[in-house]
Amino acid sequence: MTPARPLKVALLGCGVVGSQVARQMLEGGDEFQARVGRRLDLVGISVRNLAKDRPGIDAALLTDDAAELVARKGIDLVIEVMGGVEPARSLILAAMAGGASVITANKQLLAQDGPTLYEAAAEAGVDLYYEAAVAGAIPIIRPLRESLVGDEVTAVKGIVNGTTNFILDKMTTEGSSFDEVLAEAQRLGYAEDDPTADVEGLDAAAKAAILASLAFHSRVNLDDVDCEGITTVTADDVATAAELGYVIKLLARCALAPDNSISVGVHPTLVPANHPLANVSGAFNAVFIESRHAGQLMFMGPGAGGAPTASAVLGDVITAARNRVRGVAGPGESSYSARPVTPRNLVPSRFYVALSVDDEPGVLAKIAASFARYQVSIQAVRQESEPGRPLGQGARLAILTHAARVGDMKAAVEDLAAMPEVTGGITLMRVEG
């Protein structure tokens, strides 16, 4: 009997993740063949710099012509780990048009133009898999896309950026400032020289858009995500949160509202210390799902790094290869619900408000009246002497509210900022629960 033809695989990108994917494919050929039923042949790797040394990777596989690579005859699978919107989008579309299934880790492209990729895959009858796009090694895409399709997901909450979790965790455990921990994260390689995408929440926002799209069977793109970073979080905020029984995390939150709309946001959030997400430390990621019938589920693990992310990529490679062998395609886009996105000012949340005030009779009453004017109910108030001011002349207030609409809360804060008794900047954060 003639052996079945090997499946030809092209790899776009050979950086931290791509090099790990290539090495594991080259080293695990027999194992992958046993799992798929066909041999997987890595036939080419597109790179920017052909001269760069890549230990363990045959230089004959390398090419700096990505377009030529995806256009080669007989390519079955294309793995895209180069990142960015272009030329990744054009290369993926060309690969699909040529009949290849695609495995990608490109969160930015999926969050900005996922429907285009889905439509191209459906038209060509090929697969689009992207487990590694959201939380590294953590299997979260497949559970939302396949395992929970018989249930109704009501909320997805996640720590989906390892850099910011490392920073906030260090601020919590060591009392360090944001700038001190960011510098340490850069020295350790957890943060880029330009950390904007991480610390301003942009990376997490792309992942939130993908999670919301899958969880609620609706098209949600990056522009729909209300996004706020952690650059304004101070050591004092972290310490006060701890005294109140909370831990500050950069939380991506997607929720189904009673009116059937979807709220999607990324914000520094006070998480109750007894919540499972509060105990996710270091650069780890975690995703917490609430569903109608399965209840509460949590997935946790390494959210980045070459080897962990390559594990997720190769899981998709095996799945797509098995589909190829059987002549079937996996799940496509599920957007039948077409739920609208909740206007940002109407999203409900509990809030934490911190502000410096003159320590005088009647100040608390004026603040409470301002909150009441905008339908914001106060749950608790904590007062302490203002550092740097004579005893009895200044106070620092930490206020926890009941649930209120974002627009109402922001209007109340603007009202507070105009009061002459308010002497310092006002901190506003979401509170989970």
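Please treat every number below as a calculation from the coordinates, not as lab data. Note that the coordinates shown come from a computational prediction; the quantities given were computed from them, not determined experimentally. Cβ coordinates were reconstructed from backbone atoms using ideal geometry, including for glycine residues, and neighbour counts include every protein chain displayed.
Counting Lys and Arg as +1 and Asp and Glu as -1 over every other residue whose Cβ lies under 12 Å from the Cβ of L69, the net charge comes to -1. Volume per residue of the convex hull around the Cα atoms, evaluated for region 344-431, comes out as 81 Å³. Axis angle, to the nearest 10 degrees, between helix 306-326 and the longest C-alpha principal axis of the chain: 50 degrees. Taking region 142-301 on its own, what percent of its Cα-Cα pair distances exceed 18 Å? In whole percent, the share of Cα-Cα pairs in region 142-301 beyond 18 Å is 57. Among H267, H275, H402, H293, sorting on how many other beta-carbon atoms sit within 10 Å of each Cβ, with the fewest leading, yields H293, H402, H275, H267. Each principal axis of the Cα atoms in region 85-151 has its own extent, and those three values, largest first, are 33, 22, 18 angstrom.
The per residue volume of the convex hull around the alpha-carbon atoms of the chain is 148 Å³.
When the helices of the chain are scored as -39500 (n - 2.57) per DSSP H run of n ≥ 4 and the total is divided over every residue, the value at 222 nm lands at -11000 deg cm²/dmol. About the centre of its Cα atoms, the chain shows a dipole size close to 1400 debye [charges on the beta carbon of Lys, Arg (+1) and Asp, Glu (-1) only; nearest 20 debye]. Stokes-Einstein diffusion for region 183-262, with the hydrodynamic radius set to the Kirkwood value over Cα pairs and evaluated at 25 °C in a medium of 0.890 mPa s, equals 167 µm²/s. Within the shell defined by Cβ-Cβ distances under 15 Å, the residues around V149 carry a net charge of -1, with Lys and Arg each +1 and Asp and Glu each -1. Rounded to the nearest 20, the Cβ-based charge dipole of region 344-431 about its Cα centre (Lys and Arg +1, Asp and Glu -1) stands at 480 debye. Sorted ascending by nearby beta carbons within 10 Å, beginning with the fewest, S147, S349 become S147, S349. With the charge dipole of the chain set up from +1 on Lys and Arg Cβ and -1 on Asp and Glu Cβ about the Cα centre, the Cα lying farthest toward the positive end among the listed residues A4, L40, L77 is that of A4.
DSSP beta bridges fully contained in the chain are about 70 percent antiparallel. Counting only alpha carbon atoms, the long axis of helix 88-97 and the longest principal axis of the chain meet at about 40°.
Distances between placed amide hydrogens fall under 5 Å for V341 paired with I262, all partners being 5 or more residues away or on another chain. Which value in nm describes the separation of the simple spin-label points at E68 and A51, placed 7 Å from the Cα toward the beta carbon? Inter-label distance under the simple model: 1.9 nm. Since only P361, T427, A395 are under comparison, the one whose Cα sits farthest along the positive direction of the charge dipole of region 344-431, derived from C-beta charges on Lys, Arg, Asp and Glu, is T427.
Rounded to the nearest 10 degrees, the angle from helix 16-27 to the longest Cα principal axis of the chain is 40 degrees.
Could you work out which residue, out of A60, A135, A155, moves most in a Gaussian network model of the chain, that is, has the largest mean-square fluctuation with Cα springs under 10 Å? Highest fluctuation among the options: A60. Seen from R339, the other residues with C-beta closer than 14 Å to its C-beta sum to a net charge of -2, counting Lys and Arg as +1 and Asp and Glu as -1. Scattering from region 16-60 was approximated by placing one identical point on each alpha carbon and applying the Debye formula without solvent; log10 I(q)/I(0) at 0.19, 0.20, 0.23, 0.34 1/Å stands at -0.62, -0.68, -0.84, -1.36. Using a simple spin-label model with pseudo-atoms 7 Å out from Cα toward Cβ, L26 and D58 lie 0.9 nm apart.
Rounded to the nearest 20 debye, the dipole size of region 207-312 about its Cα centre is 420 debye, using +1 on the Cβ of Lys and Arg and -1 on the Cβ of Asp and Glu.
Put in line by how crowded their Cβ is, counting other Cβ atoms within 10 Å and starting with the fewest, F299, F288, F216 read F299, F288, F216.
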